[in-house]
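The values are calculated or read from the model by the stated rules, or taken from the named source; none is laboratory data. If you're wondering where the values come from, they're calculated on a predicted model, not measured in any experiment. Glycine gets a Cβ as well: all are built from the backbone with ideal geometry, and neighbour counts include every protein chain shown. Ligands, DNA and RNA are excluded from the accessible area calculation, which covers all protein heavy atoms including side chains. Shrake-Rupley method; radii C 1.70, N 1.55, O 1.52, S 1.80 Å.
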Amino acid sequence: MDLEVSPALTIPSAELGWRFSRSSGPGGQHVNTSDSRVELSWNLAASAALSEGQRLRLVTRLGPRLIAGVITVTASERRSQLRNREIALAKLAALVAEGLAPDAARRRATKPTRGSNRRRLAAKEQRAATKQQRRRPSAE
(Lines give C-alpha, C1' and ligand atoms only; values in the text may rest on other atoms or scores of the structure.)
Protein backbone atom coordinates (compact mmCIF):
# COMPACT_ATOMS: atom_id res chain seq x y z
CA MET A 1 0.00 0.00 0.00
CA ASP A 2 2.40 2.67 -1.28
CA LEU A 3 1.44 6.30 -0.76
CA GLU A 4 1.25 8.27 -4.01
CA VAL A 5 1.84 11.94 -3.20
CA SER A 6 2.15 13.08 -6.81
CA PRO A 7 2.93 11.42 -10.15
CA ALA A 8 6.61 12.19 -9.48
CA LEU A 9 6.71 10.95 -5.87
CA THR A 10 5.50 7.69 -4.34
CA ILE A 11 6.43 6.78 -0.78
CA PRO A 12 6.98 3.02 -0.38
CA SER A 13 4.95 1.37 2.36
CA ALA A 14 8.16 -0.03 3.90
CA GLU A 15 9.18 3.53 4.86
CA LEU A 16 5.91 4.26 6.69
CA GLY A 17 5.68 3.51 10.40
CA TRP A 18 2.31 2.83 12.03
CA ARG A 19 1.34 3.04 15.71
CA PHE A 20 -2.09 2.45 17.15
CA SER A 21 -3.55 3.52 20.47
CA ARG A 22 -6.87 4.03 22.15
CA SER A 23 -8.81 6.97 20.89
CA SER A 24 -10.83 9.40 22.95
CA GLY A 25 -14.35 10.32 21.95
CA PRO A 26 -17.49 8.35 21.15
CA GLY A 27 -17.67 4.58 21.03
CA GLY A 28 -19.22 3.38 24.26
CA GLN A 29 -17.76 0.21 25.75
CA HIS A 30 -16.05 -0.54 22.43
CA VAL A 31 -13.71 2.46 22.85
CA ASN A 32 -11.98 0.84 25.83
CA THR A 33 -10.95 -2.25 23.88
CA SER A 34 -10.01 -1.06 20.39
CA ASP A 35 -6.92 0.79 19.24
CA SER A 36 -8.55 3.03 16.65
CA ARG A 37 -6.25 6.07 16.93
CA VAL A 38 -3.61 5.98 14.20
CA GLU A 39 -0.17 7.57 14.22
CA LEU A 40 1.67 7.53 10.89
CA SER A 41 5.40 8.35 10.80
CA TRP A 42 7.74 8.84 7.87
CA ASN A 43 11.47 9.43 8.17
CA LEU A 44 12.01 11.85 5.32
CA ALA A 45 15.65 12.43 6.27
CA ALA A 46 16.47 8.79 5.45
CA SER A 47 13.93 8.22 2.69
CA ALA A 48 15.12 6.72 -0.59
CA ALA A 49 12.02 8.02 -2.39
CA LEU A 50 13.21 11.65 -2.27
CA SER A 51 15.86 13.37 -4.33
CA GLU A 52 18.28 15.65 -2.50
CA GLY A 53 16.46 18.75 -3.77
CA GLN A 54 13.10 17.45 -2.58
CA ARG A 55 14.55 16.45 0.80
CA LEU A 56 16.11 19.89 1.32
CA ARG A 57 12.87 21.64 0.33
CA LEU A 58 10.79 19.49 2.70
CA VAL A 59 13.21 19.93 5.60
CA THR A 60 13.17 23.72 5.22
CA ARG A 61 9.41 24.04 4.72
CA LEU A 62 8.26 21.43 7.26
CA GLY A 63 11.07 22.11 9.75
CA PRO A 64 8.88 22.95 12.76
CA ARG A 65 6.85 19.74 12.29
CA LEU A 66 9.89 17.47 12.08
CA ILE A 67 11.36 15.64 15.05
CA ALA A 68 14.79 14.20 14.20
CA GLY A 69 13.86 14.16 10.51
CA VAL A 70 10.63 12.26 11.11
CA ILE A 71 7.21 13.68 10.28
CA THR A 72 4.25 12.29 12.23
CA VAL A 73 0.55 12.58 11.45
CA THR A 74 -2.28 11.39 13.72
CA ALA A 75 -5.89 10.58 12.97
CA SER A 76 -8.63 9.72 15.43
CA GLU A 77 -11.66 11.26 13.73
CA ARG A 78 -13.47 7.97 13.05
CA ARG A 79 -14.31 4.95 15.19
CA SER A 80 -12.80 2.57 12.66
CA GLN A 81 -9.05 2.01 12.57
CA LEU A 82 -9.23 1.41 8.82
CA ARG A 83 -10.90 4.79 8.19
CA ASN A 84 -8.35 6.50 10.45
CA ARG A 85 -5.55 4.83 8.46
CA GLU A 86 -6.98 6.24 5.24
CA ILE A 87 -7.31 9.70 6.81
CA ALA A 88 -3.72 9.59 8.11
CA LEU A 89 -2.42 8.61 4.66
CA ALA A 90 -4.37 11.46 3.07
CA LYS A 91 -3.06 13.94 5.66
CA LEU A 92 0.54 12.90 5.09
CA ALA A 93 0.15 13.04 1.30
CA ALA A 94 -1.36 16.53 1.51
CA LEU A 95 1.37 17.73 3.88
CA VAL A 96 4.18 16.44 1.68
CA ALA A 97 2.54 17.76 -1.51
CA GLU A 98 2.16 21.18 0.12
CA GLY A 99 5.79 21.10 1.22
CA LEU A 100 6.99 20.25 -2.29
CA ALA A 101 4.73 22.74 -4.07
CA PRO A 102 6.56 25.59 -5.79
CA ASP A 103 6.38 29.03 -4.23
CA ALA A 104 3.54 31.22 -5.44
CA ALA A 105 4.48 33.92 -7.90
CA ARG A 106 5.24 37.20 -6.22
CA ARG A 107 2.51 39.80 -6.64
CA ARG A 108 3.55 42.77 -8.69
CA ALA A 109 2.37 45.98 -7.02
CA THR A 110 0.32 48.27 -9.24
CA LYS A 111 -1.20 51.71 -8.82
CA PRO A 112 -4.92 51.97 -8.18
CA THR A 113 -6.90 53.08 -11.22
CA ARG A 114 -8.17 56.63 -11.48
CA GLY A 115 -11.76 55.37 -11.29
CA SER A 116 -11.17 53.31 -8.13
CA ASN A 117 -9.44 56.29 -6.50
CA ARG A 118 -12.38 58.54 -7.41
CA ARG A 119 -14.89 56.00 -6.00
CA ARG A 120 -12.88 55.65 -2.79
CA LEU A 121 -12.79 59.43 -2.24
CA ALA A 122 -16.52 59.75 -3.05
CA ALA A 123 -17.31 57.04 -0.49
CA LYS A 124 -15.18 58.85 2.09
CA GLU A 125 -17.01 62.12 1.42
CA GLN A 126 -20.37 60.37 1.74
CA ARG A 127 -19.35 58.77 5.02
CA ALA A 128 -18.05 62.09 6.38
CA ALA A 129 -21.32 63.80 5.41
CA THR A 130 -23.34 61.08 7.18
CA LYS A 131 -21.29 61.52 10.35
CA GLN A 132 -21.52 65.31 10.06
CA GLN A 133 -25.34 65.08 10.06
CA ARG A 134 -25.32 62.94 13.20
CA ARG A 135 -23.52 65.58 15.23
CA ARG A 136 -25.35 67.68 17.75
CA PRO A 137 -26.21 71.10 16.31
CA SER A 138 -24.05 73.92 17.54
CA ALA A 139 -25.46 76.40 20.09
CA GLU A 140 -25.06 79.38 17.74
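Under the 0.36 nm per residue contour assumption, what length would be gained going from the current alpha-carbon distance of Arg136 and Arg65 to full extension?
Stretched out fully, the Arg136 to Arg65 stretch lengthens by 19.8 nm.
Can you pull the one-decimal nm distance between simple spin-label points at Thr33 and Ser47, each 7 Å off the Cα toward Cβ?
3.8
Might you tell me the accessible area per residue for the chain, computed with a 1.4 Å probe and given in Å²?
For the chain, the solvent-accessible area averages 74 Å² per residue.
Tell me the label-point distance for the pair Ala105, Ser80, using the 7 Å Cα-to-Cβ offset, in nm and rounded to one decimal.
Label-label distance for Ala105 and Ser80, simple model: 4.3 nm.
Rounded to the nearest percent, how much of the accessible area of the range 57-101 (1.4 Å probe, protein heavy atoms only) is carbon and sulfur?
With neighbouring chains kept in place, the figure for the range 57-101 is 56 percent.
What is the ratio of the Cα radius of gyration of the chain to 2.2 N^0.38 Å, with N the residue count, to two decimals?
1.87
Arrange the peptides 6-15, 117-126, 102-111, 88-97 so that the one whose residues have, on average, the most other Cβ atoms within 10 Å appears first.
Highest mean packing first, the order is 88-97, 6-15, 117-126, 102-111.
Arg55 versus Asp2, label points 7 Å from Cα toward the beta carbon: distance in nm?
Those two pseudo-labels are separated by 1.9 nm.
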